[in-house]
Number of protein chains: 2
Amino acid sequence: MGEATIRDVARRAEVSVASVSRALNGLDNVRAETREKVIKAANELGYVPHAGARSLSLARAHAIGVVLPDLHGEFFSECVRGMDREASRRGYLLLLSNMHDDSDQAAVALRTMRGRVDGLLVMAPHIAPETLEQAIPPALPSILLNSHADLPGRPALRFDNRAGAEAMVEHLVANGYRHIVHIAGPDGNLDAAQRAEGYLAVCARHHLPPRILPGNFNEEAGEAAARAILASTTRTDAVFAANDMMAIGCLHALRDAGTRVPEDIAVAGFDDVPLARYLSLSTVRVNIAEMGARAVARLIDLLEGKDMHRASEILTPELVMRATTAPRTASGNGAAHA
Amino acid sequence: MGEATIRDVARRAEVSVASVSRALNGLDNVRAETREKVIKAANELGYVPHAGARSLSLARAHAIGVVLPDLHGEFFSECVRGMDREASRRGYLLLLSNMHDDSDQAAVALRTMRGRVDGLLVMAPHIAPETLEQAIPPALPSILLNSHADLPGRPALRFDNRAGAEAMVEHLVANGYRHIVHIAGPDGNLDAAQRAEGYLAVCARHHLPPRILPGNFNEEAGEAAARAILASTTRTDAVFAANDMMAIGCLHALRDAGTRVPEDIAVAGFDDVPLARYLSLSTVRVNIAEMGARAVARLIDLLEGKDMHRASEILTPELVMRATTAPRTASGNGAAHA
DNA sequence: CCGCCCGCCGTAACCGGTTACATAACTCGC
DNA sequence: GCGAGTTATGTAACCGGTTACGGCGGGCGG
């Protein structure tokens, strides 16, 4: 029934369990002849070491826990992919658990990780830092992603959303757009709030009247915003959405209504999802896969005592200029609602 | 230093470890007063049970291992997302390990799972079944995804690629296309081979001359195929690519060359990646997230002894008709190379 | 020839939980 | 008042590995 254990191998090879362990783990204090006997027996029995038991006695699991919220779009995927790439490169496994917005559930998820992982990667922008502090098993090294605020002793990695948003709005201004509407992200979302901040800062800097429409990161919100813009009498020549999906929804709705992009209205997003490239959507690239990989790398360094600088890290997103925000020309002006 | 253990809690609550275990696990043979003492002590110590030790003694890890190849595009992501959704719904964690094409590495990945998971989900279309059979720890229940062939005792889940391809090609024929080219997937890829089969079957059924161009699932291959089609003297009025990315590459290249789609040449893909919708690309939907979820569901049923039908399962993909394969009209005929 | 060192190996403790079994206290029926 | 049954608890074995420690035999120097 059950698989062969190390004692079965020992019995068959006529040695002790200690020798089996030593032989299979490549220690050098085993006679070559003994090692061969062990390996032979192990092969015959199809023996595979029990990683759980191993990590219990070694107090090392060679696994890292990943707790992510219900990210929509490509976000979740890209993040996990980046993490997995780096983890498997360094011989670690990923233990995955996504938590829904409920913070109790998050606590449970975090607790069930203890004893199976060596460290934790936590992305929980919507959970209060002190709640998080409570929920993370204290002795578990961990890195926070996109967190609200730093936690003592836990390095964080985050994107500079505000700088990214500023860069994009500055780009719009530089290309001749003056009546820029922002489609916001959901309330309470930190990334969204910071992006809005960046937008407002640039508006203030150039004395442009800010205008913010509500949104929730979904495509439909972008469509709704487009309808609102078209129905409104306020003049609009550019839209900066808090993420790409809303920008895409907006783009489609505008074009369906016969509006030319960018001649009549420019559109920009945030994230640089793969789709953006195909739609020639200008956006701000947050390389989420790289962030995942970076987080894993830092966590492993930390676990293996190789981390010199235990500070938080801020990644600057990159402006990606494409056709939907091309410089304004004489041919395309004033077409949108006066 | 180390976290509190159950013995620390026992000491502090002045009871035995057995009582602590019973109290915290909600067994009913504990006096209420004792339970309270235990819970109090546990809280004071910030005790979190060691899941590794727990699963060792229970012989149950409440985790399932997932081994995926380096899937490109949205594939990997969607698959993991579907799995995670279902797993977390049922209280399981996912242990992730992607394996590169190397089969030795795959074996290692599979072995390190033993003892930390209760079952395995393996997607390894490129690995020979017998090699796989060797590599999977025998007593570990597992489900194969998109596998080449069934393994005894291991249910498999796969898409009926052939039926999907047939449906699409029939759809093209029904819409008036007669000179249909197929852009193939990479050699040795099972999905690709089955899709080509479906294409050939329909061609034979309608006495259409088949024509297959090489491809590798990448966008560039689609572009190359488009160039080949445009340069060729053979008449072509539709392209059926073995996956969406090639179809998209082809679509772009055709349009860049001034070819109208679908008036001059229709284009169809396979997979229904999110992009396809935006490009109005007709395709065959393989709901990979659902497959992942389904696989998890079945594996857990199997683990918990709830699986009645232990047979393999074949999921039928769904035809998604969009603008790039609209019915042929009088206006758009004969434009492509005579 | 004796003592020491060294290489190889086995015994048993340990990692942190669960749980079978023993025990003790207490009730109940006669 | 005493045996049987019930309930709450403690002791220790066990899950499957790793490894500290001690034993044993052989080579070597004195």
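Rule-based calculations on the coordinates, nothing more; no lab input. Everything numeric here is computed off the predicted structure, so don't read it as measured data. Note: ideal-geometry Cβ built from the backbone for every residue, glycine included; neighbour counts use all protein chains shown.
Things worth noting here:
- Label-point separation, A:ALA204 to A:GLU133 (7 Å along Cα→Cβ), nm: 2.9
- Under 13 Å from A:LYS40, Cα to Cα: aspartates and glutamates that are on another chain or at least 8 residues apart: A:ASP8, A:GLU14
- Between the stretch B:1-22 and the stretch A:2-65, the Cα center-to-center distance that results, in Å: 31
- Cut-off under 5 Å, modelled amide H: who pairs with B:GLU313 long-range: B:ALA156, B:LEU157, B:ARG158
- Rounded tilt (10° steps) of A:190-205 against the dominant C-alpha axis of chain A: 30
- Positive minus negative residues near B:HIS100 (Lys, Arg vs Asp, Glu; Cβ under 13 Å): -3
- Projected label points at A:LEU45 and A:GLU263, each 7 Å from Cα along the beta carbon direction, are separated by 7.8 nanometres.
- Per-residue ellipticity at 222 nm from helix content only, as computed over chain A with -39500 (n - 2.57) for each DSSP H run of at least four residues, stands at -13500 deg cm²/dmol.
- Taking amide H as placed 1.01 Å from N in the peptide plane, the amide H of B:HIS62 sits under 5 Å from that of B:ASP118, each at least 5 places away or on another chain.
- Our coupling estimate for the stretch A:170-183, obtained by passing each phi through the Karplus curve with A = 6.51, B = -1.76, C = 1.60 and θ = phi - 60°, is 4, 4, 4, 4, 4, 8, x, 8, 10, 9, 9, 9, 10, 9 Hz, Gly and Pro reported as x.
- Sites excluded, GluC sites (Glu not before Pro) in DSSP loops with at most 16 other C-beta within 10 Å, longest stretch of chain A: A:15-262
- Extending 7 Å from Cα along the Cβ direction at A:ARG255 and again at A:GLU313 yields two label points whose distance is 3.7 nm.
- Where a label projected 7 Å from the Cα of B:SER16 along Cα→Cβ would reach, residues of the stretch B:34-60 with amide N under 17 Å: B:34-35, B:38
- Cβ-Cβ FRET estimate between B:ARG227 and A:THR329, R0 fixed at 25 Å, reported to 0.05: 0.15
- Here the 3J(HN,Hα) profile of the stretch B:57-71, calculated from phi with Karplus coefficients 6.51, -1.76 and 1.60 at θ = phi - 60°, is 6, 7, 6, 8, 9, 6, 8, 10, x, 10, 10, 10, x, 6, 6 Hz, Gly and Pro shown as x.
- Residue among B:VAL80, B:VAL261, B:VAL38 with the largest mean-square fluctuation in a Gaussian network model of chain B, springs linking Cα atoms under 10 Å: B:VAL38
- Whole-angstrom gap from the stretch A:163-204 to the stretch A:75-113, using each part's C-alpha centre: 30
- The amide H of A:VAL239, built 1.01 Å from its N in the peptide plane, has A:VAL181, A:ALA266, A:VAL267, A:ALA268 as neighbours under 5 Å, considering only residues 5 or more places off or on other chains.
- Listed values for the stretch A:99-116 are Karplus-derived 3J(HN,Hα) couplings in whole Hz (6.51 cos²θ - 1.76 cosθ + 1.60, θ = phi - 60°), namely 10, 7, 4, 5, 7, 5, 4, 4, 4, 4, 4, 5, 5, 5, 7, 4, x, 10, and x replaces Gly and Pro.
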